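These notes concern the structure reproduced below.
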């Protein structure tokens, strides 16, 4: 994925995102936020988008959100203001490959349906690991490539159009599991049809 392609794609998606792709991914967001709420503390949401998850965080959470799309971020800011979401401390435009936060800074990092749309996801995972506190968790929901079946064939069909549609249909789970500082602790399929996957990765130490 090219960063300019991501910008233009999500500028187009922003006005209709909540009722289209946002609706499809709602189950994953709920699962992720429920898990994060049970931990408490500070959370960084990488790829906060239009802020669909923000009102689901408990009032005593400390939420920071980043996104590279100015159009998406404006939608998120509008939600925060309209709903008076005091748990949201900051929303910033930022490239997830170079996070502007100190090492070991957040209790939990959330990456919900974003890793298959960013350029260089390996760099993003390395940055996520860096800013996560020792003993902290990384919570991921995403679509990953199927190896066989009808859906796998459709994924391969759409793969060449990643820059146009705004996401990689053939994104491999190994891409997010190769970061040495993070260990897979939980993995389960999510509805509909198990198309999305919920992951929890732990950072050693703490």
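Miscellaneous remarks
- Filtering the stretch 131-140 to residues that are over 14 Å from the mean Cα position of the chain (by Cα) and either closer than 17 Å to residue 32 by Cβ or assigned to a helix (DSSP H, G or I) (or both) leaves 131, 132, 136.
- Of all residues making up the stretch 156-200, the number that are part of a loop (DSSP other than H, G, I, E, B), at pLDDT below 90, in contact with a helix residue (DSSP H, G or I) (Cβ under 9 Å, 6 or more places away or on another chain) and under 18 Å from residue 121 (Cα atoms): 6
- Sole exception among (1) part of a strand (DSSP E or B); (2) at pLDDT below 95; (3) farther than 19 Å from residue 48 by Cα for residue 151, by number: (1)
The values are calculated or read from the model by the stated rules, or taken from the named source; none is laboratory data. This one's a predicted model, so the numbers in the text were calculated from it and none came from an experiment. Glycine gets a Cβ as well: all are built from the backbone with ideal geometry, and neighbour counts include every protein chain shown.
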